1. At pLDDT below 85, in a loop (DSSP other than H, G, I, E, B) and buried (at least 18 other Cβ atoms within 10 Å of the Cβ), is that true of residue 236?
2. Considering only residues of segment 239-264 that are over 17 Å from residue 193 (Cβ atoms) and surrounded by fewer than 20 Cβ atoms within 10 Å (Cβ to Cβ), which is modelled with the highest pLDDT?
3. State which residue pairs qualify: first residue without any contact (Cβ under 8 Å) to a residue 12 or more places away in the chain and inside segment 175-201, second residue surrounded by 18 or more Cβ atoms within 10 Å (Cβ to Cβ) in any location, beta carbons under 7 Å apart, and separation of 6 or more residues or different chains.
4. Provide a single number: the residues in segment 137-183 that are in contact with a Ser or Thr (Cβ under 7 Å, 6 or more places away or on another chain) and not aliphatic (A, V, I, L, M).
5. Under 6 Å between Cβ atoms, which residue pairs at least 6 apart in sequence (or on different chains) link something in segment 135-153 that is in contact (Cβ under 8 Å) with a residue 60 or more places away in the chain with a partner that is assigned to a helix (DSSP H, G or I)?
6. Would you check if residue 159 is of a type outside the set (Ser, Thr, Tyr) and either under 30 Å from residue 180 (Cα atoms) or modelled with pLDDT under 80 (or both)?
7. Tell me, which residue of segment 122-161 that is of a type in the set (A, V, I, L, M, F, W, C) and under 33 Å from the mean Cα position of the chain (by Cα) is most open to solvent (accessible area, probe 1.4 Å)?
Amino acid sequence: SLLEELFSVSGDIDVYVITGDPETEAARPALARRPPGPKPTAYAWAAGAVALATGVSHLFFRHSELADIVMIYLLGIVLVAARLGRWPSLMASLLSVAAFDWFFVPPYQTFAVTDFRHIGTFSVMLVVGLLISNLTERIRQQARLARAREQRTQALYKLSEELARTGGSAELVASAIHNVAEQFQGRSTVLLPDAEGRLVPSGAAGFPLSAEELGVAQWVLEHGEASGLGTGTLPGASATYLPLKGSSGTIGVMGLVPEGAPRWIEPDSLRLLEAFANQTALAIERALLAEHAGEAHRLADEERLRSALLSSVSHDLRTPLGGILGAATTLLAEPCLTPGFQMLAHTIQEESQRMHRL
């Protein structure tokens, strides 16, 4: 097979074979799809709005100018576009033109047109209805985008606020895991390297990490790029892994497993997840730097204490050593000492000098 040929010629090169997930691959194009279309009841409401406009025009404006009746139908089209969307409003536009021709343009109850001036009225009415539908749908889309941006901003603000209130790195990691899991309706984890550079879960892991998943996360740490589910690198993984990039490089990896359909892999959601990862990385780096600074301050205090202690001991030892050295020198100057005592006095002098130098 192809795999056997690859293994036979790979030599010292490591070959990783990852099976694809057909369901995930098939569902991915649907992630970027537009919002679902209107329900069938929306078209029924659109037809009802046209019928209501026809009834109002027939009761109150039957003997008025045709322009007044056209305004009633346009009002109905605007209401349908504002409440139900583009396609129901397009259907309402077509039904309005048909109802206007059938009930209010002679000959009545037929679509035949004897006065060609009415064709212009129909055309203007249809074009205005289409323009109203498009403009209203555009406003609705802008409103949806504004709400989505507001939600993302609030989520980032909430995360930043909680991270700013939290002190230690362990508490920061727990807060970040909770916020990410809550925002994206999934299970999250944060992996930080140990002394040997291998990733280990910081705190409780939100999902089981197999050797393959740890390998994907290690690749993210080494290359500083997103990998895993929903990305172009190692998409067969069960989670999406993003690097936690600090000012001095990648300090860890954030992993996220969605619950159910991975709808958060859409571009906007993926950018939001990257923003969460960046905020978390900066907060963790700040906490780690503070912890390292505290440790360095403690070591400096210990060093100062050690130096002061040694200086004090050295000063306290100099006085008795000076007395011993002076006494030994005086003994050596006495001519009445026997050779044995002179040797002992000489030993005392040498050892006192050596201790003084020490």
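The values are calculated or read from the model by the stated rules, or taken from the named source; none is laboratory data. Computed from a predicted model, the values in this text were never measured in an experiment. We place every Cβ from the backbone using ideal geometry, glycine too, and count neighbours over all the protein chains shown. Surface areas here come from the heavy atoms of the whole protein model, side chains and all, with no ligands, DNA or RNA. Shrake-Rupley method; radii C 1.70, N 1.55, O 1.52, S 1.80 Å.
1. Judged against the criteria, residue 236 is not a match.
2. 258
3. These pairs meet every condition: 200/191; 200/192.
4. The qualifying residues number 3.
5. 152/272
6. Yes; evaluated as a whole, the condition is true for this residue.
7. Only one residue fits best here, namely 139.
Yes/no matrix, rows are residues, columns are (1) of a type outside the set (S, T, N, Q); (2) over 50 Å from the mean Cα position of the chain (by Cα); (3) within 30 Å of residue 170 (Cα to Cα):
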| position | (1), (2), (3) |
| --- | --- |
| 298 | yes, no, yes |
| 301 | yes, no, yes |
| 306 | yes, no, no |
| 323 | yes, yes, no |
| 336 | yes, yes, no |
| 341 | yes, yes, no |
